[in-house]
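Step one of this worksheet: look at the structure below.
Readers should treat all values here as calculations from the given coordinates under stated rules, not as data from a laboratory. Everything numeric in this text was worked out from a predicted model, so none of it was measured. Using ideal geometry, Cβ is built from the backbone for each residue, glycine included, and neighbour counts are taken over all protein chains shown.
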Amino acid sequence: MSWVVELLHRDGSVLARVAVPVLAPANLPVAGEEVRAITIGRSLDNDMVLEDPHCAAHHARLEVTDDRSARLVDLGTRNGIVSARNKRAAIFNIKSDEPFRLGHTLIRVRSSDWPLAEERSLSRLPVLPFAMLGFILVLAHGAWQLWLGDVQEKAPQYLYGLGGLALGLCMWSAMYALFGRLFTGAERFFSHLAIASTGYLAGTLILNSLELLAFSASWLWPVRITQPVVVLVAAMTVRFHLRLADPRHWRTLRIGVVVVATLAIIIPLAQHWVSHQRLTDVQIIGSIEHPALRLAQPVSLQAFSAAAESLKARVDNARKTDEDDGDAAFGNETIE
Amino acid sequence: MTGLPRLSASIPISSLPTSVNMTPTQRTIFACLIFCIAHLLPAHAQSVDKGASSDAAAKAAQAPLPTPSASARDLFSRYKDRLVQVRVLLNSANEQSSLGSGFVVRDDGPKGVWLVTNYHVVASLAINPDKFRIELRPTSERAVKATLVAVDVIHDLAVLRAEPVVGTASWPAFDLRETALVQGERVFSLGNPLELGFLISEGIYNGPVESRIYEQMLFSGALNSGMSGGPSIDDAGRVVGVNVATRRGGQLLSFLVPVRYTRELLERACQAPPRKEWRTEIARQLIAHQNFVAGKLLSAVHAAPTIETAASSKAPSKPVGSKASADVEGVVSAARAGFASQTIAGRVVPTLDGSLTKCWAGGRDGERLRYQRDTLDCSLRSELFIRQNLQTGYLNIRHMLLRNDKLATPQFLALGAVGRTASSYMQLGTTEMTRAECRDDFVRGTAHIYRVAICLKAYKKFEGIYDFTVTATQTDDARERMISTLSMHGISFENGRRLSDMFLERLQ
C-alpha cells in the first residue's frame, strides 16, 4: 500500500500529487524510528513545496506509522492545520480523504488501500434524438402560436417567427456549451439543446394548464401565480444547464441559482407591495377557452351583483389611504 | 375606433397663457408651467387646445374682424368698462395659469362687486384654493383681487366677488335680459381672446343646441380662447348668455349658457356664506348630475318596456322615450335618454337611445379579417368639465360581436386575448382616480353564459362618485362571441350598480 498527498485546487481538482516513498525491507531503519514521512511547506527542501505565504517554511509532516496508518503533524506553525470541519489540531489521524487547510492551501491525503467508487456506466440516454425531438416540438409550438394569430387575410411571417425562435434556442444552448467548454472542456451542445427545449416546453405546458384551470374552475389563483411559476421553471432550466456545464462548481452555483431565483420572485412582489399595498394586479381572468372546458357553474346575476358590493369598500379604502397625495396634481410642484 | 368623433365636441375657450413680455427667468418658469399643463392633458384635449389656439391665432393674425356695424361700435364703447379679464394666478410663481373673461353684474359698493365668468376658467382654483388666486383686469388696466363665491359645474358658471376699491367710482353693471330670444336675433359676444385685447364679435342666435343634456344656446359668431366667461348681449346691451365653448373645426359654431342660470346662481351666491373649500360642493353637483343622468336611463325603462324590433341589422328600433324630470332645472325639454334595444348582426343588444346619445356601428376600415366582426358604440354625451384633465359624468356602451367564418376553432377561441376591449381595469391609480378594484365570474344571462368583470374606481378628490366598468364576454359558444362593455364615468355606486344590473339583464 502507499500513501499519497494531493495538492488541491479550491474547486477540488488535483494540482499535484506526492507519494510517500515505500521502502524496501532492507532499507528499513531501526525499528521505532519513523522515517516514512514527507514534509510539506514553503521551503524548497520539503517533499511538497507550497507557494503560499500563509504557510510556514516547514509546515506539516505526513507520517506513516508501522501499523500502516497515517497522521498529519503540525510542525509548530502560526496558522496550523485546519480540518474540513474547521477544527485545528496539532496531530490529525488520517481516516478519510477530507481535505486539510494549510494556510490558504488545500491538501488531501489518500491511501491506495481505500476502496474506490464503482466504475460509473456511460449515460445511455440518446442525447441527439432527444434534443432534436425537443427542438422540433418547440418549433411546432411556435408555429401553433403563429397559426393561432393567423386570422386576417394576410398571413403572419411564419418563417421569420420560427427562424427567430430556432436561433434564440440555439444561441441559448450555445452559450452554455461555450461555458462548459471553458470549464470542463466539453461543449455538449445537444444536451444543452435538450435541456433548453424541455424547459421551454415544460414552461408552456404549465402556463397553459394554469390558464385552463383558471377558466375551467373560475379560480383566480392560477393566473395570479404565473409570474413566480415562470421564474421557477427558468431557474430549474438554468440549474440543469449549469450542472451539466460545470459540475465541479455546482455546490457554489447551486446557491447562486437559488438566491437569484428567490430574489426574482420576491423583488417584484415586494416592490408591488411597497407601491400598491398588494401583491398582484391580476383581478380577473382574461383568457377565454372552449365552452366545453368550463366546469364552474355560472352564478345568477343577482348573486354576482351582490358580490360586487365588496368592491365599493375596497376603493373607498384606497381613496382614504391616498387621498392626500391627490393635491400633487397639475404639475405645480415643479415650480415650487 | 376611427371615424368616431370625440366624445366632447366642444371645447372650453379659456386660453392657456400665451407669450407676454417677461424676464428670462419668468419665461423659463413659464415655459415649464405650459409644459407641465400640456403634459398632464390627455392626448386629445392637448391637440384640441393647441389646434384652437393656433387656429384662433391664425385667424386673428390674417383675417381682421369685419368692420363693426354702427351698433357694434356703439355697444362696445358703451359696455367695455363692464368687462374684465379673469386671470387665475399660481401663488408660487405669481403668474397666470389660466385666462378667461368675465363681466360685472352688480356693484354693492362696500360689499364688493359681483362678476360672472365660467367655472372652467377658475376650475384650478376651485380644486386647489390654496395654490391659486384670482386677479381681474378691467379695460382700465388696474388689477383687482377677487374671490370665488359660487360655482355651477353643470352649467359651467362661476360667480366672483371683487374687493371694493376705496375711492373709485362704482362699477357699471350689465343688465340681464328677462325675455327669451328668438332664433335669428343678433347677439354680440364680448371678451378678451388670447390676450389680444377686448373685442366685440357679432353673430346670430340660432336656437337651443340639440343633443345637449343641459340647455345651451347656439351662437353663430366667433368665440376664441380667452373669451370664456364673457357676456353675450343683445342690441340693447342686456346679457342673454355667457360665452362657454366653441366647436373645433366648425365655422362660427359657438355655444352660450343661457342667462337664466346666471341669474339663479347669483341669487344663490348672494345668500351663500363665504367658503374656501369647493371640492365638496363640486362633488355635490356631480352627484346631482349623475342622479339626473341615471334617473333618465332608469325611469325610461320603468316607464315603458322595450320594444324589440326584428328590423334589419343595425337599424335602431323605436326609441324608448323618457320624460324629462322636472326636479332638475335647466333641462332641454326634448332631451331624452334611455336604454333601447338594437340588433347587431341579428342579435339584440341593449344600447342607449334618445336625443342625447349617439351610436356608431361598424368595424375598422381596411382590415381584412377571416372572421366577422361587428361593433356598436353608443355614448351618452353628458360629460362635465371638472378640470383641465378631467371630464366626467358620461357613459358609453360598446358591443363587439365576433363570428367565426373561416377560422379553425382554436384560432377563434384565441381571439379572446385580442378581441376584448381595451382593458381599463388594469390601470393603476392616477392623481385623480384610485386604482381599479375588480372581480369577475361566470354569470348566467337569459340566453347565454357570460364571463362578467366589474371594475370600480373612486375619484380621489370627490367623495361618493366612481367610475364603473362592466364587461361581459360570452363564453358558451365556440363559434360566436359577444363582448359588451358598459362604462360609466362619475356615477354614484348605487346608480352604477343599478345601471349595470339593468345592462346585464338586457343582454340577450
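The table for this structure:
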item: Average partner coverage of B:447-453, which counts Cβ from other chains inside 10 Å; result: 4
item: Angle in degrees between helix A:226-245 and the longest Cα principal axis of chain A, rounded to the nearest 10; result: 30 degrees
item: Proxy reagent accessibility, fewest Cβ within 10 Å first, across B:Phe385, B:Phe493; result: B:Phe493, B:Phe385
item: Cross-link pairs beyond the 18 Å C-alpha cut-off, checked among A:Lys320/B:Lys457; A:Lys320/B:Lys276; B:Lys276/B:Lys457; A:Lys320/B:Lys131; result: A:Lys320/B:Lys276; B:Lys276/B:Lys457; A:Lys320/B:Lys131
item: Filtered trypsin sites (Lys or Arg not before Pro), the stretch A:141-199: DSSP coil and at most 16 other beta carbons within 10 Å; result: A:Lys154
item: With Cα atoms, 0 to 90° folded angle of helix A:189-217 axis to chain A main axis; result: 40 degrees
item: Cα-based helix-to-principal-axis angle, A:127-148 vs chain A, degrees rounded to 10; result: 20 degrees
item: Cut-off under 5 Å, modelled amide H: who pairs with B:Val105 long-range; result: B:Trp114, B:Leu115, B:Val116, B:Phe174
item: The stretch A:1-154 - percent relative contact order, Cα under 8 Å, separation 6 or more; result: 19 percent
item: Low-density loop cleavage sites - chymotrypsin sites (Phe, Trp or Tyr not before Pro) in the stretch A:112-168, where at most 13 other Cβ are within 10 Å (DSSP); result: none
item: Listed pairs B:Lys358/B:Lys461; B:Lys80/B:Lys111; A:Lys312/B:Lys296 exceeding 28 Å between Cα atoms; result: B:Lys358/B:Lys461
item: Average beta carbon contacts from partner chains per residue of A:152-163, 10 Å cutoff; result: 1
item: Per DSSP, loop trypsin sites (Lys or Arg not before Pro) in the stretch B:132-203 with at most 11 further Cβ within 10 Å; result: B:Arg142
item: Label-to-label distance, nm, for residues given as A:Asp113 and B:Leu196 (7 Å Cα→Cβ offset); result: 11.1 nm
item: Number of partner chain Cβ atoms within 10 Å, mean per residue of B:454-466; result: 5
item: For B:Thr117, B:Thr147, B:Thr473, A:Thr321, order by how many other beta-carbon atoms lie within 10 Å, fewest first; result: A:Thr321, B:Thr147, B:Thr473, B:Thr117
item: Value of relative contact order over chain A, rounded to a whole percent, pairs C-alpha under 8 Å and six or more apart; result: 10 percent
